[in-house]
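First up is the structure itself, then whatever we jot down about it.
Read-outs throughout are calculated quantities, based only on the coordinates presented, and are distinct from any laboratory measurement. For clarity, every value in this text was computed on a predicted model and none was experimentally measured. All Cβ positions, even for glycine, are placed from backbone atoms using ideal geometry, and neighbour counts span all protein chains on display.
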């Protein structure tokens, strides 16, 4: 796989865009914190043609972003064999909850209805963080995992949902039981042997439909689609509504994502009501076929309202050889979804400290 080293060719016309998408350091583009939004009269954040126009200008960076090749040994994210040719993975998503009650119900929703595990926790000042998933996140084979593994649940490389509660948060992001607070996120898809509707109801989730599969708004406001099936990692992908799928595709290509074969969790491969086929005009992308991905869906609307509970998509990557371990950086995709970068070194350090 190509290296996740983005070389920036400097010219006067692109210097302004650097402030949003990166800073130049020894010829390397490094992500920086930057958020841009359009405030509307109803208090929501929407991304319309004006927003798309700005991001289209930013996509001109593609003419100045050169992907340098490297050996798999230099590019590898961690030491898992299936990621030997990958230099970045989509490791998971971060969501926010409105209050302590919603924090408890959201954790119970995922653990009791979909059999997630609480992987790790951290309390720092007024902020409480919980990571949920189906197995170890570490990017190497865990010491207690036999090879070949008897269960993928004991193997490394799992994606996670990072849940954040801040007691100082000024206002509720979502009222449990309501419709999703924005339409930028279509759903997070998970594939499990079974799910418990009774536990969804108990935790104030909003069930939209449950024929063959289930679509439900979690107590935090994140839409979730549950498929009864089996996947290497049950957290399969995040589906994002796009004003223009091709524009979003180009954006994610600049981040090292590649169009991949659409993943299925059942042998019928989309030919039954229990698991639908890949939606028309959609694009499935991931940095590697062996990690979580994004499904880009064409929206029927020219405007997309941001779901405020979705804090970010989280990419773990290997910095360019010889460069310093980059600080956490953020860019915004054309649908308004934040994408956060964390180096392998920083991710592994954080994962160890929060066990």
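Under a plain spin-label model, where a point goes 7 Å from the Cα along Cα-to-Cβ, how far apart in nm are residue 208 and residue 282?
According to this spin-label approximation, the distance is 1.1 nm.
With each label point set 7 Å from Cα along the Cα-Cβ vector, what nm distance links residue 167 and residue 198?
According to this spin-label approximation, the distance is 3.5 nm.
How much length is gained if the chain between residue 330 and residue 271 is pulled fully straight, taking 0.36 nm per residue apart and subtracting their Cα-Cα distance, in nm to one decimal?
Values: separation 59, 0.36 × 59 = 21.24 nm, distance 3.81 nm.
Stretched fully, the residue 330-residue 271 segment lengthens by 17.4 nm.
Compute the FRET efficiency between residue 154 and residue 302 as 1/(1 + (r/R0)^6), taking r as their Cβ-Cβ distance and R0 = 56 Å, and round to the nearest 0.05.
Plugging the Cβ-Cβ distance into 1/(1 + (r/R0)^6) gives 0.75.
Take the alpha carbon gyration tensor of region 235-302, find the square roots of its eigenvalues, order them as a ≥ b ≥ c, and report rounded if a/c is under 1.5; if not, report prolate when a/b exceeds b/c, else oblate.
On the way: a/c = 2.55, a/b = 1.28, b/c = 1.99.
Taking the square roots of the gyration eigenvalues as a ≥ b ≥ c, region 235-302 is oblate.
Kindly identify region 151-232 as rounded, prolate or oblate by the Cα gyration tensor criterion: order the square roots of the eigenvalues as a ≥ b ≥ c, call it rounded if a/c is under 1.5, otherwise compare a/b with b/c, prolate if a/b is larger, else oblate.
Numbers: a/c = 2.07, a/b = 1.32, b/c = 1.57.
Oblate.
Any idea how far apart residue 215 and residue 85 come out in nm if each label point goes 7 Å out from Cα toward Cβ?
Between residue 215 and residue 85, the label points sit 3.6 nm apart.
What shape does region 109-253 take by its C-alpha gyration tensor, where a ≥ b ≥ c are the square roots of the eigenvalues and a/c under 1.5 counts as rounded, a/b above b/c as prolate, and the rest as oblate?
Here region 109-253 falls in the rounded category.
Give the peptides 238-247, 167-176, 112-121, 334-343 in descending order of average Cβ contacts within 10 Å, highest first. Provide the component values of the computation, followed by the final result.
Working: 238-247: 21.0, 167-176: 13.9, 112-121: 18.6, 334-343: 23.0.
Ranking, from highest mean packing down: 334-343, 238-247, 112-121, 167-176.
Which peptide among 306-313, 251-258, 267-274 comes first, and what is the full order, when sorted by highest mean count of other Cβ atoms within 10 Å?
On the way: 306-313: 22.2, 251-258: 20.8, 267-274: 12.2.
Those peptides, ordered most packed to least, come out 306-313, 251-258, 267-274.
Taking the alpha-carbon centroid of each part, what is the distance from region 245-311 to region 92-144 in angstrom?
Region 245-311 and region 92-144 have Cα centres separated by 24 Å.
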